[in-house]
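Below is one structure, written out as structure tokens; comments come after it.
FYI, it's all coordinate maths here, none of it is from the lab. The model shown is predicted, which means the values in this text are computed figures rather than measured ones. Cβ sites come from the backbone with ideal geometry, for glycine too, and all protein chains shown count toward neighbours.
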């Protein structure tokens, strides 16, 4: 029926882009470690769940396996917001299947947003995670290439300053790390694109490699996994806004502060304010995350 209403190339709420199956191998995990720097021993050795367990966001870029859901004007497009729910851990050696569906489309200020939901199931048909990726595109007519769509000076604007983490509560920290071009290739390759190649970035309106927003999302996931362990793998949630660009060779780290604990059945859920800082204090991600305390 939808084929009779919508044109074949039309992007509309409810359009199903199918799915892809993945084998979660030690090599898959090694590529994840190379791209993120998240070398948790649980990923390579025995974990409290038995054998090696995969990172919670092992299929971090499943939503980008195809970009047929993008709007035609990709010049200056940006990852704007990421929601994630994690329902069950994935063991290394499992086979996972994704399903991609457009669930939202809206206009905010000078951009149009598409929301793509990806549901991940294991071989038994169990849903192990669900994510919503908000991708923003310039409105029609905003395609001038006389200047950069986003440059490095934008993050110095007072409007790009975000106050978070100032409440009382346990502080969660991780060491700073530099996101090298080699990491960008491992995370966003092997094809050359604006997330791992400066020239490609310039062609799309940016002065430097735009580190894929999902990498910073993975850093927050790393922070939560190291603090809450299985409590994040069995019930983790994140709602993150990507507020400033992380550029190639920038140094960054995830941070969090536990601000509340609430009952959830027989368990307690820890609510966490989370963010990612650059070395100069610029925030690239702000939002919330939570996990069960087991």
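Where does the stretch 185-236 land on the Kirkwood hydrodynamic radius, alpha-carbon pairs, in angstrom?
Taking the inverse mean of 1/r over all distinct Cα pairs, the stretch 185-236 comes out at 12.5 Å.
Could you sort the peptides 180-187, 119-126, 220-227, 161-168 by per-residue average Cβ neighbour count (10 Å cutoff), highest mean leading?
220-227, 180-187, 119-126, 161-168
Name the most mobile residue of 93, 256, 205, meaning the one with the largest mean-square fluctuation, in a Gaussian network model of the chain with Cα contacts below 10 Å.
93
Roughly speaking, what is the centre-to-centre gap between the stretch 94-167 and the stretch 1-73 when only Cα atoms are used, to the nearest Å?
Here the two parts' Cα centres lie 15 Å apart.
For the stretch 167-294, just run the numbers: alpha carbon Rg, then divide by 2.2 N^0.38 Å, N being how many residues it has.
1.16
Using 1/(1 + (r/R0)^6) with R0 = 25 angstrom and r between the beta carbons of residue 264 and residue 27, what's the FRET efficiency to the nearest 0.05?
Numbers: r = 36 Å, r/R0 = 1.44.
Calculated transfer efficiency: 0.10.
Past the 23 angstrom mark, what percentage of all C-alpha to C-alpha distances in the stretch 35-149 do you count?
When all Cα pairs of the stretch 35-149 are counted, 43 percent exceed 23 Å.
Going highest first, how would you order 34-41, 69-76 by mean Cβ packing within 10 Å?
34-41, 69-76
Please list log₁₀ I(q)/I(0) at q = 0.13, 0.18 Å⁻¹ for the stretch 128-239, using the Debye equation with identical point scatterers on the alpha-carbon positions.
Here log10 of I(q) over I(0) equals -0.73, -1.22.
From the square roots a ≥ b ≥ c of the eigenvalues of the alpha-carbon gyration tensor of the stretch 157-222, which class results: rounded (a/c under 1.5), prolate (a/b over b/c), or oblate?
On the way: a/c = 3.31, a/b = 1.67, b/c = 1.99.
Judged from the Cα gyration tensor, the stretch 157-222 comes out oblate (a/c at least 1.5, b/c at or above a/b).
R0 = 22 Å: FRET efficiency of residue 12 with residue 75, Cβ-based, nearest 0.05?
It comes out at approximately 0.50.
Sort 234-245, 277-288 by the packing proxy (mean of other Cβ within 10 Å over each peptide's residues), most packed first.
Listed from highest to lowest mean packing, they are 234-245, 277-288.
With the crude spin-label approximation of a point 7 Å out along Cα→Cβ, what separation in nm comes out for residue 110 versus residue 170?
Reported label-point gap for residue 110 and residue 170 is 4.4 nm.
Nearest-5 percent of antiparallel DSSP beta bridges in the chain?
Antiparallel bridges: around 100 percent, rounded to the nearest 5.
Tell me, in nm to one decimal, what length is gained between residue 49 and residue 34 on full extension, where the rule is 0.36 nm per residue of separation less the Cα-Cα distance? Mind dumping the intermediate values first?
On the way: separation 15, 0.36 × 15 = 5.40 nm, distance 2.34 nm.
Full extension of this stretch gives 3.1 nm more.
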